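Each remark here refers to the structure printed beneath this line.
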Amino acid sequence: MNQTTLHSSSGGILGLLLTLLPELTIAAAIFIAMHALRQKNRHGLPVWPLVGMLPSLLLGLRGNMYEWISGVIDRMNGTFVFKGPWLTNLHCVVTADPRNLEHLLKTRFASFPKGPYFRGTVRDLLGEGIFNADDEEWRRQRREASLRFHSTEFRKLTVESLVELVHSRLIPVLEDTLAQHAELDLQDVLLRLTFDNVCMIAFGVDPGCLSPGLPIIPFAKAFEDATEASVVRFITPTALWKALRYLDIGTERKLRRSLERVDEFAYNVIRKREQDLLIQGSTAAASKSDLLTAFMKDDEDGKPFSEKFLRDICVNFILAGRDTSSVALAWFFWLLDKNPAVEERILEEVCRIVGGRSDGGGDLDHDEVMFRPEEVKRMDYLQAALSEALRLYPSVPVDHKEVVEDEVFPDGTVLKKGTKVIYAMYAMGRMESIWGEDCREFKPERWLRDGHFISESAYKFTAFNGGPRLCLGKDFAYYQMKFVAASIVYRYRVKVVDGHPVVPKLALTMYMKHGLKVELSRRDKSELKRFL
């Protein structure tokens, strides 16, 4: 074969390949797509070359992320492995199986800390506070906080501060809204109430967030923005968000600016408390029952805690005490609007408790009724309804652990050392295998036995976590929510504005993305007397 023939042959082959290139490209794409989609039956989501399951995640983020996760978990019978892009750390195991939760939250608690990935991702916001701490640092903070939460003085402070906030601030704000025939963002009002409450009982300061006219509080917006930007890090490759932080652009710039205001507020609280204690002396300091004062004492080595550590304490307890109860109450009132029969039963329970007072204080006049601690404790149906709201819309929809040694979950899932584990509380409330065929229904009766509230296993109902990390403020949270809910339901009908969109926001806690716009109307005495 001569040179001319070779060139002619090569040119013919090359030409043929160029002619077939579009068809070959389409065929390769179809093959890759079919292979990825076949993986869906096995892994729950399509697995694409190089990018793994990332395309599905990005599609999920365009809608309700939590519903998307619930659908995948349901298809995979409670647990699936998310495969992130090649050479990233977005790989994790996602579970909503109660057996697995008991294993990681209690049975093998020491093997499942928060872990370096979680701690590093939220360290800018939470620092070394109790939500982000592991091992001895976590145990030390837990011991100190537990002593305060269970003290008589602290319990008295929580009751007194709540009475003041509801009757001297919340009700006047609601009355003013009623007088003006105006709409109200109930989520915003509840966030203000719980923010004032946590600052009063945890730091001994009153920020006056829930005041007439509802003043703009820069800290509140900054805190929400900071939690949202921190969550974005979990769905972004670490190298990428660190690059964005270095360049100070995008969500990282938003996070930095938000944290400046968060820090400003926290350090102001600390310095004011330090000044007050300096002026009042050691005797006054010993009598203070707030959490911040307790942590301002010297540590176990006789050294004072740093301002940075106290800042972390403040931010963590604001996250715990402000966001969780308020967003739970917002979802509760939204559910009541959709389920008037439940609202009717709550009103009946509250009226009977008030009407049955043995000391003659059973007058049903709105302005005079102030619920007593022993009465709040007897509101079983109300607690059942709040628990049902938390089952469907847990304030913390997902949480994170990292395994420190090879493990096997009870459902057979193999976990290698360093594996990140996401447990999805939102999805758990929508699992028929856990709650039955009516799992998506708002049904408080599932929490009652002979008319009395009966709690579920912490590994089936994980709104307050479980095991050694069970929420220290669980009893206070229930009391706070019951007192606020009863005080509102007793006085007002709360109707969600027609057409108002209600969807969860992607953040550390389940805010409603657009708030909760409502209209109020007053209940009259004749309506209350029906239940006596």
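Points worth noting:
- Within the set V369, V396, V342, the sole residue that is in contact with a Phe, Trp or Tyr (Cβ under 7 Å, 6 or more places away or on another chain), outside any strand (DSSP E or B) and at pLDDT below 95 turns out to be V369.
- Test: residue in the stretch 230-239 that is open to solvent by 20 Å² or more (accessible area, probe 1.4 Å) and either under 30 Å from G204 (Cβ atoms) or acidic (D, E) (or both): no
- I422 being over 30 Å from C351 (Cα atoms) and assigned to a helix (DSSP H, G or I): no
- No other residue among K505, K525 is among the basic types (K, R), within 30 Å of W138 (Cα to Cα) and either open to solvent by less than 30 Å² (accessible area, probe 1.4 Å) or touching a residue at least 40 places away in the same chain (Cβ under 8 Å) (or both) apart from K505.
- Spans of helices (runs of 4 or more DSSP H) in the stretch 113-209 with at least 2 residues more than 30 Å from K495 (Cα to Cα): 115-126, 135-149, 152-165
- Qualifying positions in the stretch 442-456 - touching a Leu at 6+ places or on another chain (Cβ under 9 Å) and under 16 Å from A341 (Cβ atoms): F442, P444
- Residue in the stretch 401-419 that is surrounded by fewer than 22 Cβ atoms within 10 Å (Cβ to Cβ), part of a loop (DSSP other than H, G, I, E, B) and in contact with a Cys (Cβ under 6 Å, 6 or more places away or on another chain) present: no
- Residue count, the stretch 504-532 (criterion: farther than 21 Å from L186 by Cβ and among the small types (G, A, S)): 1
- One residue from L87, L37 being modelled with pLDDT under 80, surrounded by fewer than 19 Cβ atoms within 10 Å (Cβ to Cβ) and in a loop (DSSP other than H, G, I, E, B): L87
- Close Cβ contacts (under 6 Å, 6 or more residues apart or on different chains) running from residues in the stretch 113-129 that are within 18 Å of T236 (Cβ to Cβ) and among the small types (G, A, S) to residues that are modelled with pLDDT of 90 or more and buried (at least 19 other Cβ atoms within 10 Å of the Cβ) comprise G115/E402.
- Contact map, the stretch 466-487: residues that are under 28 Å from E349 (Cα atoms) paired with residues that are at pLDDT 95 or above and assigned to a loop (DSSP other than H, G, I, E, B), Cβ distance under 8 Å, separation 6+ or inter-chain. Pairs shown: K482/M379; A486/M379.
- Test: residue in the stretch 61-76 that is under 27 Å from Y459 (Cβ atoms), more than 20 Å from the chain's Cα centre (by Cα), in contact (Cβ under 8 Å) with a residue 12 or more places away in the chain and assigned to a loop (DSSP other than H, G, I, E, B): yes
Listed here are the residues, each with its yes/no results for (1) under 30 Å from D498 (Cβ atoms); (2) in contact (Cβ under 8 Å) with a residue 60 or more places away in the chain.
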residue	(1), (2)
D176	yes, no
Q187	yes, yes
L193	yes, yes
A222	no, no
S230	no, yes
R233	no, yes
T236	no, no
A239	no, yes
D248	no, no
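- Scanning the stretch 164-196 for residues that are within 18 Å of the chain's Cα centre (by Cα), open to solvent by less than 40 Å² (accessible area, probe 1.4 Å) and under 30 Å from I270 (Cβ atoms) turns up Q187, V189, L190, L191, R192, L193, T194, F195.
- Restricting the first member to the stretch 434-456 and to residues that are free of Cβ contacts under 8 Å to residues at least 12 places away in the same chain, and the second to residues that are part of a loop (DSSP other than H, G, I, E, B), the beta-carbon pairs closer than 6 Å and six or more apart or on different chains are C439/R430.
The values are calculated or read from the model by the stated rules, or taken from the named source; none is laboratory data. Because the structure is predicted, anything quoted here is derived from the model rather than measured. Reconstructed Cβ throughout: ideal geometry from the backbone, glycine too, with neighbour counts over all protein chains shown. Just so you know, the surface numbers come from the protein's heavy atoms only, side chains and all, with ligands and any DNA or RNA stripped out. Shrake-Rupley method; radii C 1.70, N 1.55, O 1.52, S 1.80 Å.
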